Amino acid sequence: MHIVTGKGGTGKTTVAAALARALAADGGRVLLVEVEGRQGIATLFGSPPLPYEEREIDAVPGGGRVFALAADAEAALMEYLELFYGMRRAGQALTRLGAVDFATTIAPGLRDVLLTGKATEAVRRREGGRRRPEGRFHYDAVVMDAPPTGRIGRFLNVNSEVAGLARVGPIRNHADRVMEVIRSDRTRVHFVSLLEEMPAQETRNGIAEVGALGLHVGMVVVNMARPPLLPGDALSDAAAGRADLGELAAGLKAAGLDDAGDLAESLAEEVGAHARRVLLERRVRAELAGTGAPLVELPLLEGGVDRAALEGLARRMAEQGVRR
Amino acid sequence: MSAGRLDVDALLDDPATRIVVCCGAGGVGKTTTAAALGLRAAERGRNAVVITVDPARRLAQSMGLDSLDNTPSLVPLPEGTPGSMHAMMLDMKRTFDEVVEEHADPERARQILGNPFYQTLSTSFSGTQEYMAMEKLGQLRQSGEWDLIVVDTPPSRSALDFLDAPKRLGRFLDGRLVKFLSAPAPSGAFKLLGAGVGLVTSVLGKILGAQLLNDLRAFVAAFDTVFGGFQERAERTYRLLQAPGTAFVVVAVPEADALREASYFMRRLATDAMPLAGLVVNRTHPLPAGAGARLDAGAATAAAEALEAAGSHPGASAALRLHADLVRTHLRERGLRERTVSAHPGVRVAEVPALPEDVHDLEGLRGIGAALARGA
Ligand SMILES: Nc1ncnc2c1ncn2[C@@H]1O[C@H](COP(=O)(O)OP(=O)(O)O)[C@@H](O)[C@H]1O
Ligand SMILES: Nc1ncnc2c1ncn2[C@@H]1O[C@H](COP(=O)(O)OP(=O)(O)O)[C@@H](O)[C@H]1O
Ligand SMILES: [Mg+2]
Ligand SMILES: [Mg+2]
C-alpha cells in the first residue's frame, strides 16, 4: 500500500495518480483510492464524478490496469453494516437519522476508520474471496490519495484515535485490522513537497510524526521542480547582485537587440531574483534530503496536467527507480 | 476591462474600518497579508491586533509569538511608530473551553470538558478552528481595546468554511440524531423513519458499543444546555461580519484554482451582504522596470537562439530565456486576473509580486505592506 500525503496544493492527487501508473507499468492491477470527497481523480482524468465503485480508469501500455475508487464514509458504513451484520435496512435508517454526518462531525476518527478501512480491505482482498486465504491478491498495489500532512498522523493513527472513544467493541476490532495493514512493512507513506520552505517544513514534520507512529516512510516527491537556467558558478554571483553587466550588455548587443545597456540592467535584476530563488531551492532540497528518505523529482509542466502529462510524470518516476 | 486599484492605505486610515478579514484558498498568503496589514496599520497610527491561525514558525517568532497563549501580545516595533501592533495565535481548544466555562455551571462544565467526545469536537471537528477564530474575533471586538482587528482565516478545505462552520455545528447539534440521543424514549418523529427505535438503538449499540453510546449520551445531554449560548454568539459574530466597519480582503495567487475559489468567495460575500474591500493577487510576476518591459517573449527567445547558434555569451542567452519565461508567465497571470475581474465588475485589486524568498520578518512584512499599498 502506498499512502501519498503532502501540504495542500503540492500535487498529492497528481502524484498519487502518476504513482499508480508507474506501479502498473510492468503489468498488474493497481487501485487508486481517494478519501477526501473532492473528486480530484475524476477532475484529473477529465471524467464524470466517480461513484463508490472500483472502476477501471486507465490502461497502461504493457498490460497494467489502473482502477479508481472515490471512497465515501457513508457508503463505506453501509457496506460494512451489510457485510458484517446483514443490516442494510438499519443502515438506511441511520442515514436518515443523520448518523453518518454525526460520526463525521463529532468523531472524525470514526470517519477515518471507515475510509482507511475501505482502502485496507482492498489491500487484503484476495481472489476467491475470504474462503481462499491463499488466493493471490486482487490488487498488486493500492495507492491512496490521502489527507494533507496537517492531518495525516491523526488520519493514519485510527487505532489510537478511536481507542480514546472505544476501548472495546466492534469499532475497536475493525480499527485493529486496519492498523495492521497500515503498520505493515509493505505499506509506505510518501510525501509530496515543493522546493519552498513551508511545504518542506510540513514534510519534515510529517516524516517525524509518521515515523514516531511506527509507520514506514517511503519517498519524498519533489514536485513542480524548475530547471535552473543559469550555469552553476554564475548563480551565486547573480544572487549577490554581482552579475557582469558589461558582459551581459555585450551579449545582448551581439544578439542584435537595441538599448543593450538599459536592457542589461533590467535583465540583471531578473537574473538576480531567479538566482536567489534557485539557491533557496537548493537549500530546501538539501533539507529534504537530510530526512534520509529518497528524493524523486518531477518537473513543473507548463499548461497543467492532463492524461498525457500524467503518463510523462509516471515515466519520470519509473526512470528514478519507482517500481513495485 | 481593467480593475480599480485597491487603496489599502485609505482602508487602513479610515477610522470607520474596525475589522479586516483576510480569506482565500490554502497557501495563497492569507497569514502573510493579515500580518502585513496589521503592521502597516500600526505604522500609520492605528492600534491594531492581528489574529493569526497558522503562521510559519519563523514569521511567528518575528512577531514575538513563540508561545501559543491565546491572548494578544505586543509586537515590538521601532521607537517612534505612531500606532501599535498586537498579535496572537489562536488556540482553538482553549477558546472553546473558555466558551463552555462561560456558559455552563462549574459542574456541567467539568462534565463537558472531560467527555471524550468533547475532546474530539474541540480539537478535530472540521470547523472548530473556523468557529473559534470567529469567536475570538467577537471577544476582541467586544473588549474595545483595539481600533482595528485583522483576522487571518484557517487553512480550510474551502475558503467559505469559516462562514459556514458555526451554522454547521449548530445544525448538527440541533439535528435529529442528537435529539434522539438526548431523549431516547420513543417519540413520534422516529416512527416516521420507518425503523423502530429499538432497531436504531441496537444498531448504534452494535457499531458503537455500549460504553461509547453512553459517553455520547452524556455529552449530548450536557452540551445541549449550553448550546443556546453558542448559537447566539455565532449569530452575533455573523452580524458583525456584515457591519459597515468590516472589510473583507480576498487573497489569491494568479492560478486558475485559487482565482476560481476567490471568485466563488466574492459572490458568496455579495449574497451574504458582507462588505468586500477588494482582491489581493499575491505572488505575481510583474515585468521588470526599464527596457526589459518592452522586450517580448518571441524577440527574447529569438535573440537567445541566435546567441546559442553562434556559441557565444551563454550568460546573456540564459538571461534572455529567463526573460522570455517571465513574460509568458506575466501574460498568463494577467489573462487569469482579467478573467476574474471581468466576472466581478467594480472589484478593486492590489497585486503583490512574488518575492524570491519567503516572508519571515518584520522587514519582509513591511515590503509586502508597501506592495499592497502600491496596488495594481
Ligand atoms: N508537476 C506539475 N506540473 C504542473 N502542474 C502541476 C504539477 N503537479 C500538480 N500540478 C497542478 O497543481 C494543482 C494542484 O495539484 P493537485 O494534485 O490537485 O494537488 P493536491 O491534491 O495536493 O491538492 C493542480 O492544478 C495540478 O494540475
Ligand atoms: N508575495 C510573496 N512572495 C514570496 N513568498 C510569499 C509571498 N506571500 C506569501 N509567501 C510565502 O508563502 C507561504 C504561504 O503563505 P501564508 O501567508 O502562510 O499562506 P496562507 O495563510 O494563505 O496559507 C509562506 O511561506 C510565505 O512566506
Ligand atoms: Mg488533491
Ligand atoms: Mg495561514
May I ask you to say which residue of A:ARG29, A:ARG65, A:ARG96 is more than 16 Å from ligand 3 (Cβ to nearest atom) and either surrounded by fewer than 15 Cβ atoms within 10 Å (Cβ to Cβ) or within 13 Å of chain B (Cβ to nearest Cβ) (or both)? A:ARG96
Pull up region A:206-235, narrow it to residues that are in a helix (DSSP H, G or I) and exposed (fewer than 14 other Cβ atoms within 10 Å of the Cβ), then point me to the one that is farthest from the other protein chains (Cβ to nearest Cβ). A:ALA212
With the requirement that a residue be among the charged types (D, E, K, R) and either part of a loop (DSSP other than H, G, I, E, B) or within 16 Å of ligand 3 (Cβ to nearest atom) (or both), what does region B:345-375 give you? B:GLU357, B:ASP358, B:ASP361
Is region B:238-249 home to any residue that is more than 14 Å from chain A (Cβ to nearest Cβ), of a type in the set (A, V, I, L, M) and more than 15 Å from the chain's Cα centre (by Cα)? yes
Looking only at region A:253-306, which residues are aliphatic (A, V, I, L, M), more than 7 Å from chain B (Cβ to nearest Cβ) and assigned to a loop (DSSP other than H, G, I, E, B)? A:ALA293, A:LEU300, A:LEU301, A:VAL305
Tabulated pairs, region B:275-300, first closer than 20 Å to B:VAL349 by Cβ and within 11 Å of chain A (Cβ to nearest Cβ), second within 16 Å of ligand 4 (Cβ to nearest atom) and assigned to a loop (DSSP other than H, G, I, E, B), C-beta under 6 angstrom, 6+ apart or interchain: B:ARG283/B:VAL253
Filter region B:28-56 down to residues that are surrounded by fewer than 20 Cβ atoms within 10 Å (Cβ to Cβ) and within 17 Å of the chain's Cα centre (by Cα) and give me whichever is nearest to B:LEU269 (Cα to Cα). B:ASP54
Only one of B:ARG233, B:ARG239 that is under 29 Å from B:ASP147 (Cβ atoms), charged (D, E, K, R) and surrounded by 19 or more Cβ atoms within 10 Å (Cβ to Cβ): B:ARG233
Among helices (runs of 4 or more DSSP H) entirely inside region A:137-204, those with 2 or more residues being modelled with pLDDT of 95 or more and either touching an Asp or Glu at 6+ places or on another chain (Cβ under 8 Å) or of a type in the set (Phe, Trp, Tyr) (or both) are none
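The values are calculated or read from the model by the stated rules, or taken from the named source; none is laboratory data. Quantities reported herein were computed from a predicted structural model and do not represent experimental measurements. For neighbour counting, all protein chains shown are included, and Cβ atoms are generated from backbone atoms with ideal geometry for every residue, glycine included.
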